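Data first, discussion second: the structure below is written as structure tokens.
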Amino acid sequence: MSICSKPKLLMLDEPTSGMGIDDIPIMTQLISDLGRDHTVLLIEHNMSIVMSISQRITVMSHGQ
């Protein structure tokens with residue numbers, strides 16, 4: 001729903017959580033495509049996903 005309103009910032013918290021192995025590549029491609037026209041803030045524990053779609057990465061450790 002939030003994508004339809006064309007936000008300047010799209011915040012995604014664990015967007016692949018609970019997805020099956022076949023669905024994750026579809027979601028990562030969608031996020032990558034959205035990143036061309038939107039700023040995307042992605043919270044994700046799976047670093048291979050983060051590395052595959054991110055242009056800039058900040059890692060928080062113990063809340064810092």
Q: Hey, can you tell me all the residues within the stretch 19-64 that are charged (D, E, K, R) and farther than 19 Å from Pro7 by Cα?
A: Asp22, Asp23, Glu44, Arg56
Q) Could you give every pair whose Cβ atoms fall below 7 Å, whose first residue belongs to the stretch 12-32 and is under 16 Å from Met51 (Cα atoms), and whose second residue is in a helix (DSSP H, G or I) and small (Gly, Ala, Ser), counting only separations of at least 6 or pairs across chains? A) Thr28/Ser52
Q. Taking the stretch 10-44 as the region of interest, how many residues are modelled with pLDDT under 90 and either part of a loop (DSSP other than H, G, I, E, B) or over 11 Å from the mean Cα position of the chain (by Cα) (or both)?
A. 4
Q | Checking Ser52 against (1) in a loop (DSSP other than H, G, I, E, B); (2) surrounded by 11 or more Cβ atoms within 10 Å (Cβ to Cβ), the condition it does not meet | A | (1)
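The values are calculated or read from the model by the stated rules, or taken from the named source; none is laboratory data. Everything numeric in this text was worked out from a predicted model, so none of it was measured. Neighbour counts run over all protein chains shown; Cβ positions are idealised from the backbone, glycine included.
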